[in-house]
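Inspection log for the structure reproduced underneath, given as structure tokens.
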Amino acid sequence: MVPPSRPFLSRPWLVAGTSLAAAAVLILLLDKPWERWGRAAARPLTLYCAAGLTNPVAELLQEYRETFGVPVTVTYDGSGKLLSTIRAREGLGDLYLAADASHMRIAVKEKLVAEVIPIAELRPVVVVNAATKKQLQGPKRSIRSLRDLLRDDVKLILANPELASIGQLSKEIFEKHGLWSIVQERLQERRALASTVGTVNEVCTAVRTQDMSAGIVWSANAAQFAGLAVLTPPEFQGYTEKMQIGVLAKSVQPTAALHLARFLSARDKGGLVFQKHHYDSLEDADAWEDRPTLHLSAGAMLQPALKPALDAFSKREGVTVTTNYAGCGLLVSQMKAIQAGKASSHFPDAYFACDESFLQEVQQWFEPGKVVASNDMALVVPKGNPKTIAGLEALTRPGLRVGLAHPQNSALGKLTDDMLRRLGLHDDVYADERSKPVVHADAAHLLVNQMRAGALDVAIVYRSNVQSTPNSADHLEIVELKLPDAVARQPFAVAHASRHKHLMQRFLQAVCAPENRSHMQSLGFECIPP
């Protein structure tokens, strides 16, 4: 008798295989590898690149594709023309690499670009071919100044000022020295003593093939064309342009775009290739890491203000940020211990201090700080103010349970201590005959917690400590101090030794963005205009 066939799904090998597949899917969901691969592009990236950068960029994009498997579709043209193309395409694409800062400023102003990262510096020079250089030898014929480019025995070739960065800078230099009107006249004359072409590379090509012609180009492009001689008139001294890459605001894969931008701008990746192609590197360029880890030290009072910006920044950039929130006195002590070799912790890439005085204590290790916000000091009392506390004088009452921030460990504590001394209240607040000793805490939010628990009658805190505490209005209320010095100003500074200075500056931009400024203001901070 033939045994009855079993259902398809009851076969042991299929059941086992299905179970293994389900387990694999579960592991994949739990592990969330896409969070590690967040920079991987779902489709080719689109890059609009200044034509003069073709050689180094093409080399770098080949390496990038071989390393990360991400193809990049590139359009090479003049920076101005590319900006017009981006406008015509309503901002669609991923990256814009311009050969000058002015076009990038326009792109940012028009909200076409979100983040901007500098890559290298460019210098303008005059180029002639070898035959022309020979013919121009001698004191009366050599090109020694800007005006010599307008002689009748020289044909001037410029990149179009409307389309190319070097063309725009050439126009600015001629205008500064009162010579642009002569250039315009020559461009309109039939003698063809002046002409324009589209890009910097086209200027190099034209000059190389036309005797008795001279063109203005970037020094790096001149070095890439054999047979060109470089001249530097004195009027060109001090002129430089910063080459920058911007992430388009409408990019649908900004994390992948930022990953490529960091690769192109990193001093030990893109920077080396640009140097090889004769571009001037930036001393403060970031180091390359596939997924950088950044270290931020910040006053405890800033934690609720920074969290939304920090979360959004980490996700968009595809980076990890470790945070150290504590009283600023403790943070300063930690930094000094690290610098003295007494602690092995990471020195922070940036420090967001509760008050300027605490940044001053470690300023030698940081770039100049930028004050981002201020925060009022205030008295906090139980709802209804049962002790009828109206001002700082009440803190001297013998039976009052007073909470203050620690004067050494906390910026608020130091500010409070200094304020009480200036007002002549310090000795009375800490008098031995007080029946209730002053309670100290390293951070003001701990005082707010004790107030909510009923352990204190009054405390001096920051306004934001109260407003950032959930349901605080149901239990506490603020008594205004209304004193001009009862305020702390919060500066942000990047460490000199940070390997990721530009990344940290972009984090600061995220903190200062309108949406986060609104969030900070809702917590009681007064944001300083950027």
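Read-outs throughout are calculated quantities, based only on the coordinates presented, and are distinct from any laboratory measurement. What you see is a predicted model; the values in this text were computed from it and never measured. Positions of Cβ are backbone-derived with ideal geometry, glycine not excepted, and every protein chain shown enters the neighbour counts.
So the values come out like this:
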read-out	value
Amide H contacts under 5 Å for Ala459, placed H, 5+ residues apart	Val380, Gly403
Helix-derived mean residue ellipticity, 222 nm - over the chain, DSSP H n ≥ 4, -39500 (n - 2.57), to 500	-11000 deg cm²/dmol
Estimated vicinal HN-Hα couplings, Hz - segment 507-520 in sequence order (Karplus 6.51, -1.76, 1.60; Gly, Pro = x)	5, 4, 4, 5, 5, 8, 5, x, 5, 7, 4, 4, 4, 4
Virtual spin-label span in nm between Lys307 and Asn385, 7 Å along Cα→Cβ	3.0
For Tyr462, Tyr325, order by how many other beta-carbon atoms lie within 10 Å, fewest first	Tyr325, Tyr462
Ratio of Rg to Rh over segment 434-521 (Cα coordinates, Kirkwood Rh, two decimals)	1.08
Structure-derived Cα Rg over 2.2 N^0.38 Å - corresponding label in (1) 0.98; (2) 1.33; (3) 1.05	(2)
Charge dipole magnitude, Cβ of K and R +1, D and E -1 - segment 375-487, Cα centre, debye nearest 20	200
Residue order, fewest to most beta carbons within 10 Å, for His259, His426	His426, His259
Charge-dipole axis of the chain as Lys and Arg at +1 and Asp and Glu at -1 on Cβ define it, positive-most pick from Gly369, His346, Val128	Val128
Separation between Cα centres of segment 149-211 and segment 393-450, rounded to whole Å	72
Hits among lysines - C-alpha to C-alpha of Lys176 under 26 Å, sequence gap 8 or more where chains match	Lys81, Lys109, Lys140, Lys155, Lys242
Label-point separation, Glu162 to Arg105 (7 Å along Cα→Cβ), nm	2.2
Cβ-placed point charges (K, R +1; D, E -1), dipole of segment 124-236 about Cα centre in debye, nearest 20	400
In segment 180-288, trypsin sites (Lys or Arg not before Pro) in a DSSP loop with at most 14 other beta-carbon atoms within 10 Å	Arg190, Arg191
Debye, to nearest 20: dipole size of the chain, +1 on Lys, Arg Cβ, -1 on Asp, Glu Cβ	1240
Where Rh is the Kirkwood radius over Cα pairs, Rg/Rh for segment 124-236	0.92
Sites Val479 and Ala431, calculated FRET efficiency, Cβ-Cβ separation with R0 25 Å, nearest 0.05	0.70
Net lengthening on full extension, Gln62/Tyr239 (0.36 nm per residue, minus Cα-Cα)	60.5 nm
GluC sites (Glu not before Pro), loop per DSSP, at most 11 other Cβ atoms within 10 Å - longest free stretch of the chain	284-432
Order of Met520, Met301, Met243, Met212 - criterion: other Cβ atoms within 10 Å of each residue's Cβ, fewest first	Met212, Met520, Met243, Met301
Surrounding net charge for Glu235, when Lys and Arg each add one and Asp and Glu each subtract one, Cβ distance under 10 Å	+2
Neighbour cut-off at most 14 other Cβ (10 Å), DSSP loop, trypsin sites (Lys or Arg not before Pro), segment 423-481	none
Three-way shape call for segment 375-487 based on the alpha-carbon gyration tensor, with the a/c threshold at 1.5	rounded
Unit charges at the beta carbon, dipole of segment 51-94: most positive-side option, Leu53, Leu82, Thr67	Leu82
Links that overshoot a 31 Å alpha carbon limit, given the list Lys111/Lys307; Lys171/Lys501; Lys315/Lys370; Lys134/Lys269; Lys342/Lys414	Lys171/Lys501; Lys134/Lys269
Linear extension gain, Val438 paired with Asp268, 0.36 nm per residue minus alpha-carbon span	55.7 nm
